[in-house]
Amino acid sequence: HSASVSLITAGLEDPDALVRRAAVTAIANLVGESGGLRQELSAATEVVAGLLEHAEVGVRDVAVATLTCLFVAHEAEVVAAVAARLAHPEPAVHRTAAHALQLL
């Protein structure tokens, strides 16, 4: 299962917007049935939060959407990972993190 989570998380950075959206949907589905995947999804939270720093705005946007899905099952981890980006020197990253926190 951890390989599946890693593969889906990698899809969040795909150049194709349809693939990125499918990855968000897949993570949302995994959160809904996260019984045996709690640890893997928790680890994915930091990976996804790191995408708030991505150069492409489309990737940052799907990171926000994915973090809102993960928030349901991993509230503390998501808030900590996103809040850590508020001090990022890049203004776009700071704005994206602030926006994500508003949505949570």
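Which whole-number percent is the relative contact order of segment 48-94 (Cα, under 8 Å, 6+ apart)? Mind showing how you got there, number by number?
Values: 34 pairs, mean separation 15.1, N = 47.
Dividing the mean separation by the residue count of segment 48-94 yields 32 percent.
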### Summary
Note, residue 57: beta-carbon cut-off 14 Å, +1 each Lys/Arg, -1 each Asp/Glu, net -2
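What is the percent carbon and sulfur in the accessible area of the chain, measuring with a 1.4 Å probe over the protein chains and ignoring ligands?
58
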### Message
Just to check I understand the Karplus step: with θ = phi - 60° and J = 6.51 cos²θ - 1.76 cosθ + 1.60, what whole-Hz values come out for segment 46-58, glycine and proline as x?
### Response
5, 4, 5, 4, x, 6, 5, 9, 5, 5, 8, 4, x
### Query
Which of the peptides 40-50, 86-96, 8-18 is most tightly packed, and how do the rest follow, going by the mean number of other Cβ atoms within 10 Å of each residue?
40-50, 8-18, 86-96
### Message
At 222 nm, what value in deg cm²/dmol follows for the chain if DSSP H runs of at least 4 each add -39500 (n - 2.57) and the sum is divided by all its residues, to the nearest 500?
### Response
-23000 deg cm²/dmol
### Task
Determine the per residue accessible area of the chain with all protein chains present and a 1.4 angstrom probe, expressed in square angstrom.
52
### Task
Could you tell me the convex hull volume per residue, in Å³, taken over the Cα atoms of segment 1-103?
78
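The values are calculated or read from the model by the stated rules, or taken from the named source; none is laboratory data. Fair warning: this is a prediction, and the values are worked out from it, not measured in the lab. Methodologically, a virtual Cβ is constructed for each residue, glycine included, from the backbone with ideal geometry; neighbour enumeration extends over all protein chains shown. The protein model used for the area step is the full one, side chains on, heavy atoms only, and it has no ligands, DNA or RNA in it. Shrake-Rupley method; radii C 1.70, N 1.55, O 1.52, S 1.80 Å.
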